[in-house]
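The values are calculated or read from the model by the stated rules, or taken from the named source; none is laboratory data. Predicted model only: the values in this text are computed from it and were never measured. Glycine also receives a Cβ, built like all others from the backbone with ideal geometry; neighbour counts cover every protein chain displayed. In case anyone asks, the SASA skips ligands and DNA or RNA and just uses the protein heavy atoms, side chains included. Shrake-Rupley method; radii C 1.70, N 1.55, O 1.52, S 1.80 Å.
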Amino acid sequence: MTVIEDLDWMRIEAELESVGHAVAGPLLDAENCKALAGLYEQDIPFRSRVVMERHGFGKGEYKYFGNPLPDPITALRGPLYRRLEPVANRWAAAMGLETRYPAEHTEFLERCHAAGQTRSTPLLLKYGPGDYNCLHQDLYGETVFPLQVAILLSVPGAEFTGGEFVLTEQRPRMQSRATVVPLGLGEAVIFAVDQRPVQGTRGAYRVRHRHGVSPVRSGARYTLGIIFHDAA
């Protein structure tokens, strides 16, 4: 597993500021990717299962992990939060928000729980041929950390085809711009959950983001989602 502090955070932060997302890693090696994907058919690590088609979310399914989280997720979630907290606070200040984020993830989770958001949100997503995820935002309540992480657990081109990670950006009075983010096994994309600031000629304005997955053409695609706020 990659040491979070060893990542190129200067580049990552610069890309988050300029386009709202950045690729990092690989954060997980092939063994950890296979082990996490293999958990999907089990019941014990999870608190719930969602079939996307039933809710109009797309096609495919996902499961939310229960507490305690598997060790690889715990080993990533806190250190990633710690490195992303300065970005989150800069964004909040630039957008004129009163919210400020504590330095440690445990402190932020206490804030979530005090607001009634007590359910764990890291999740494992499973896609087969024809499955896709509609553009969406993972908000889950009023207390939101503005960045999240998705890690690809399958080998593109070998274990699945299609299934590209897609981000859209909506600027005021403009049409949406879409970006396809190619990922390798174990690589992560860090991206804006909802809004981020963009500097304009008259100061900062807010840009809204959504994310999804294009249809899988063949094989099976597994993804680990790391969301830093808990759910109501």
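Of the residues GLY116, GLY78, the single one that is more than 22 Å from VAL198 (Cα to Cα), more than 20 Å from the chain's Cα centre (by Cα), of a type in the set (Gly, Ala, Ser) and modelled with pLDDT of 95 or more is GLY116. Of the residues GLU41, GLU61, the single one that is in contact with a helix residue (DSSP H, G or I) (Cβ under 8 Å, 6 or more places away or on another chain) and among the acidic types (Asp, Glu) is GLU61. Just a yes or no: is a residue in region 170-182 closer than 23 Å to GLY56 by Cβ and either surrounded by 18 or more Cβ atoms within 10 Å (Cβ to Cβ) or modelled with pLDDT under 95 (or both)? There is at least one residue in region 170-182 that is closer than 23 Å to GLY56 by Cβ and either surrounded by 18 or more Cβ atoms within 10 Å (Cβ to Cβ) or modelled with pLDDT under 95 (or both). When LEU139, LEU124, LEU135 are checked against the criterion of being buried (at least 19 other Cβ atoms within 10 Å of the Cβ), of a type in the set (A, V, I, L, M, F, W, C) and under 19 Å from the mean Cα position of the chain (by Cα), a single residue qualifies: LEU124. Taking each residue of region 125-141 that is more than 17 Å from GLU169 (Cα to Cα) and looking for partners that are open to solvent by 50 Å² or more (accessible area, probe 1.4 Å) and part of a loop (DSSP other than H, G, I, E, B) with beta-carbon atoms closer than 8 Å, six or more apart or interchain, yields GLY130/PRO215; ASP131/PRO215; TYR132/PRO215; TYR140/ALA232; GLY141/ALA115; GLY141/ALA232. Residues in region 220-227: is at least one modelled with pLDDT of 95 or more and over 20 Å from LEU27 (Cα atoms)? Within region 220-227, one or more residues are modelled with pLDDT of 95 or more and over 20 Å from LEU27 (Cα atoms).
Screening region 92-104 for residues that are within 17 Å of GLU142 (Cα to Cα) and under 19 Å from the mean Cα position of the chain (by Cα) and picking the one that is most open to solvent (accessible area, probe 1.4 Å) gives TYR101. Within region 124-160, can you find the residues that are within 16 Å of GLU61 (Cβ to Cβ) and assigned to a loop (DSSP other than H, G, I, E, B)? If the condition is that a residue be within 16 Å of GLU61 (Cβ to Cβ) and assigned to a loop (DSSP other than H, G, I, E, B), then GLY128, PRO129, GLY130, ASP131, ASP138, LEU153, SER154 are the ones that fit. The combined condition, being in contact with an Asp or Glu (Cβ under 8 Å, 6 or more places away or on another chain), of a type in the set (A, V, I, L, M, F, W, C) and open to solvent by 50 Å² or more (accessible area, probe 1.4 Å), is not fulfilled by VAL144. Selection over region 30-67 of residues that are touching a strand residue (DSSP E or B) at 6+ places or on another chain (Cβ under 8 Å) and acidic (Asp, Glu) gives a count of 2. Restricting region 206-232 to residues that are open to solvent by 10 Å² or more (accessible area, probe 1.4 Å) and assigned to a loop (DSSP other than H, G, I, E, B), the residue that is farthest from GLY163 (Cα to Cα) is ALA232.
Among residues of region 101-119 that are farther than 14 Å from PRO79 by Cα, those with a beta-carbon under 7 Å from a residue that is of a type in the set (Val, Ile, Thr) at least six positions away or on a different chain give the pairs ARG111/THR143; CYS112/THR143; ALA115/THR143; GLN117/THR143. Evaluation of GLY186 against the conditions (1) assigned to a strand (DSSP E or B); (2) open to solvent by less than 10 Å² (accessible area, probe 1.4 Å) shows that the sole unmet condition is (1).
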